[in-house]
1. Among (1) part of a helix (DSSP H, G or I); (2) at pLDDT 95 or above, there is one condition Ala569 misses while meeting the rest; what is its number?
2. Can you tell me which of (1) under 26 Å from the mean Cα position of the chain (by Cα); (2) charged (D, E, K, R); (3) crowded, with 24+ Cβ neighbours inside 10 Å is the one Asp67 doesn't meet?
3. Over 25 Å from the mean Cα position of the chain (by Cα), of a type in the set (Asp, Glu) and farther than 24 Å from Glu145 by Cα - does that describe any residue in segment 93-111?
4. List the residue pairs whose Cβ atoms are under 9 Å apart, where the first residue sits in segment 351-375 and is closer than 20 Å to Leu466 by Cβ and aliphatic (A, V, I, L, M), the second is open to solvent by 20 Å² or more (accessible area, probe 1.4 Å) and modelled with pLDDT of 95 or more, and the two are 6 or more positions apart or on different chains.
5. Evaluate the following for Pro120: is it farther than 30 Å from Lys16 by Cβ, modelled with pLDDT under 95 and open to solvent by 10 Å² or more (accessible area, probe 1.4 Å)?
6. Within segment 603-610, identify whether any single residue is open to solvent by 20 Å² or more (accessible area, probe 1.4 Å), in contact with a helix residue (DSSP H, G or I) (Cβ under 6 Å, 6 or more places away or on another chain), of a type outside the set (D, E, K, R) and not in a strand (DSSP E or B), and answer yes or no.
Amino acid sequence: MKQEHKILFEETGVGKMDMKNRFAMAPMGPLGLGDADGGFNQRGIDYYTERAKGGTGLIITGVTFVDNEVEEHGMPNCPSPTYNPVQFVRTAREMTERIHAYGSKIWLQMSGGFGRVTIPTNLGEYPPVAPSPIMHRWLDKVCRELTVEEIHKIVKSFGDGAFNAKRAGFDGVEIHAVHEGYLLDQFAIAIFNQRTDEYGGSLENRLRFAREVVEEIKRRCGKDFVVALRYSPKSFMKDWRVGALPGEEFVEMGRDLPEGIEAAKLLVSYGYDCLDVDVGCYDAWWWNHPPMYQKKGLYIEYGKLMKETVDVPIILAGRMDNPDMAAKAVEDGACDIVSLGRPLLADPDYVNKLRAGKVESIRPCLSCQEGCMGRIQEYSALACAVNPAACRERAARLVPAAKPKKVLIIGGGPAGCEAARVLALRGHTPVLCEAGSELGGNLIPGGAPDFKEDDIALAKWYAHTLNELGVEVRLNTRMTAEEIKKESFDALVLATGSRPRMLPLEGGNLLAAEDVLLGKADPGKKTVVVGGGLVGCETALWLAQKGVEVTIVEALEKLLAVNGPLCHANSEMLEALIPFNGIETVCGASLKGVDAAGAVVEKDGKEEHIDADSVILCIGYKSENGLYQQLQGDVAELYQIGDANRVSNIMYAIWDAYEVAGSI
C-alpha cells in the first residue's frame, strides 16, 4: 500500500470490539435482500459477505425493523430480527459466520420506524405514525401520534431485536436513529415533537426514547455489547419539506449545531458506544444522500466537531471514496473509522485494492444514485449503476465461456467498454474499435463539469482495466459496414452510441451541448439553453458557475420532468441549484428561431426575444444504429447495446452490456 494510506489500515475498535482496519461499510437500505419471514435471503448473505471478502473491516447492514405492528413495513421489504426470530437467527447466523471467516466484524442496523418519512411505496394500509399529529414528508396526510404504550412496545422490540442479533453472531448493533429525520429523530427535534408528556418538551425528554432504547439493549445483551448510533448533529431544514443548499444563509428549523452538540453529549452519557455521523434530514435529504453536486467529504467538519465533543469513536461517511482525503480526515481527528456506502456498491474490493496499492483499479462511484437510492424509492430494490452484479453476486456471477470466441466491438463508450471487460473476463477475445481518440463516449462531455469528475474517472477506469486484461483497443478507428465485413470474428457487438438532436434553424450561434462541454464551442457571456432535462440543467449549472449568464427554455411546465435523475435527492437538489445560481427559467415555451442577437421563443401563444451570444441545444439524443441496419442480414451473431439500442443513461448502457456479454 502507499505510505500515505497506512493510517487507514491500522487496527482500531469500538468498545471491546476490535477491527482489523478503519473501514466500515455504511448502512444502505437492504430492500430485496430479505426473505418472506424476515430473514436474510441468499442475495443478502452473498452481498454482505462479498464486501467482507473485499477487505472491509466492519460491515453495517442496511436498516432492519424491530417493529412491524405499530408501523407496518409490508414484509418482506427488509429483514427483521423480531418478525420471525427463528428464521432471522438461522439465516443471519450463516451470514455472520461467513463474514467472520474474513476477519471482518458486522453490526445489525435496527430501526424503530420511519414515521413521517415513510417511502409512499412501502407504506402499509394504516396512517403513518409520528411523535405528534404532523404532516407526512411526501404525502398530504397527517400522521397519527404514537401512544406511550406504543413507545414502550417499540423499546422492548429493540431489546428483543438486539438479543436475536447477538444470538445470530452480530458483533453489535447500530440504532437508526437520531438521524435524518426518522422516527427517533422526529422525537428528538422540537419542530416535529409537540408532545406535552415525558417524551416531549425539554431536550432530555425528547431524547428519552433514544435513551430507553440503549438502556434496554444493554440490559438484555450486557454492557459490553456494542450499541452505536447513527447521528445527525444538524438538519439543514429551512422549512417543512424545504432544505438548505451548501453556502446558503438560512434559519435552522430542525436541529441546529448548538443543540446537536448538547444532544451528542447526552446520548453518549446514556450509553451509546459510537456515533456514526452525517448531517441533514429528509426535508433536506440531499445532505444525507449526497449527489455529485455535493462536495466530497462533506461531513468532515461535523465529524471533527463530534470528535471534539464526545469521547467515543466517530464513524464518518459522505463521499469519502478519495483515499487521500479519507486518510487526512483520520489524521486531522475528524473520525476514527471511514465509512463507504455507495463506493462499496460500485466496487466490493475497494479496501483490498487500496491495501495492495492498486488505486487505479478501484471502480468509481458516480454518486448518480440511479441504481441505489433511486431504485429503492421507485422499485424497492437496491442495486448499483456501474456494478451490475451488486446485490445479485451469485445470480450474476460471470461464467467462463465454454467455447471462446473472437468478438468485434464497435464503440468505446460505457456499453462497449463494459462488453469488452466482461468478454475478456469470461475468456473470449474482444477487439474494441473506437472512432475517437479516447475511450468513454458520452462520459467525456458529460464529465466536463467539476461536479461530474467521476464520469471521467469511470472512463479512465475502463481504459486501465481493459489494458490490464490485455484487450486490443483500436482508437481513431471509425469502421464502416464494408470494413467490418472484412474483419475476422465470431460475434459482433455494436455499441455505436447516440448523437445529439439538433434543429434545422439558421441565422444564429446554434450549438450542441456536447461541443460546449468539450470546449469546441464558446457560448459567450450570455446563453440560452434549450431543454430543461438532466443534460440541459447540468450544462446550465456548470456555465453559471463559470460566470456565464444563463436562461433555460423548457417546453414542459417544469424542469427535469422527463429523463431526470431517478433519485429525487439528485433531481430536487439540481432543481434548487438552478435559481440559487441565478439561472433564469422559461417553462412551457418552445424555441422558434435564432438570430445573431439570441433566441426567439414562444410562450402562451406570444413570441419574445431573449438576448444571448449563443443558443445551446439540449433536446435529447438519437440512436446511432445505422451499422446495425446495414449488417443485421449479413452477420450471424449480432448484438446492439447501449444508446445504439435505446437512448437511456449510463446505468442501462452498463447493465445491458453486462447482460449481453455475459451470455455470449
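1. (2)
2. (1) is the only condition that Asp67 fails.
3. The answer is yes, given that some residue of segment 93-111 is over 25 Å from the mean Cα position of the chain (by Cα), of a type in the set (Asp, Glu) and farther than 24 Å from Glu145 by Cα.
4. Val359/Lys353; Ile362/Asp321; Ile362/Asp349; Ile362/Lys353; Leu366/Arg342; Leu366/Lys452; Leu366/Ala457; Leu366/Ile650
5. Considered against the rule, which asks whether it is farther than 30 Å from Lys16 by Cβ, modelled with pLDDT under 95 and open to solvent by 10 Å² or more (accessible area, probe 1.4 Å), Pro120 comes out as yes.
6. No, segment 603-610 contains no residue that is open to solvent by 20 Å² or more (accessible area, probe 1.4 Å), in contact with a helix residue (DSSP H, G or I) (Cβ under 6 Å, 6 or more places away or on another chain), of a type outside the set (D, E, K, R) and not in a strand (DSSP E or B).
Results for (1) of a type in the set (D, E, K, R); (2) touching a Cys at 6+ places or on another chain (Cβ under 7 Å); (3) open to solvent by less than 60 Å² (accessible area, probe 1.4 Å), shown as yes or no for each residue.
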| position | (1), (2), (3) |
| --- | --- |
| Gly531 | no, yes, yes |
| Lys546 | yes, no, no |
| Thr551 | no, no, yes |
| Met573 | no, no, yes |
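Residues checked against (1) in a strand (DSSP E or B); (2) small (Gly, Ala, Ser); (3) surrounded by fewer than 17 Cβ atoms within 10 Å (Cβ to Cβ):
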site: Ala415; (1), (2), (3): no, yes, no
site: Gly436; (1), (2), (3): no, yes, yes
site: Gly440; (1), (2), (3): no, yes, no
site: Pro445; (1), (2), (3): no, no, no
site: Ala457; (1), (2), (3): no, yes, no
site: Tyr462; (1), (2), (3): no, no, no
site: Thr465; (1), (2), (3): no, no, no
site: Gly470; (1), (2), (3): no, yes, yes
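The values are calculated or read from the model by the stated rules, or taken from the named source; none is laboratory data. Worth saying up front: this structure is predicted, and the values here are computed from it rather than measured. All Cβ positions, glycine included, derive from the backbone under ideal geometry; neighbour counts span all protein chains shown. Accessible surface areas use protein heavy atoms only, side chains included; no ligands, DNA or RNA. Shrake-Rupley method; radii C 1.70, N 1.55, O 1.52, S 1.80 Å.
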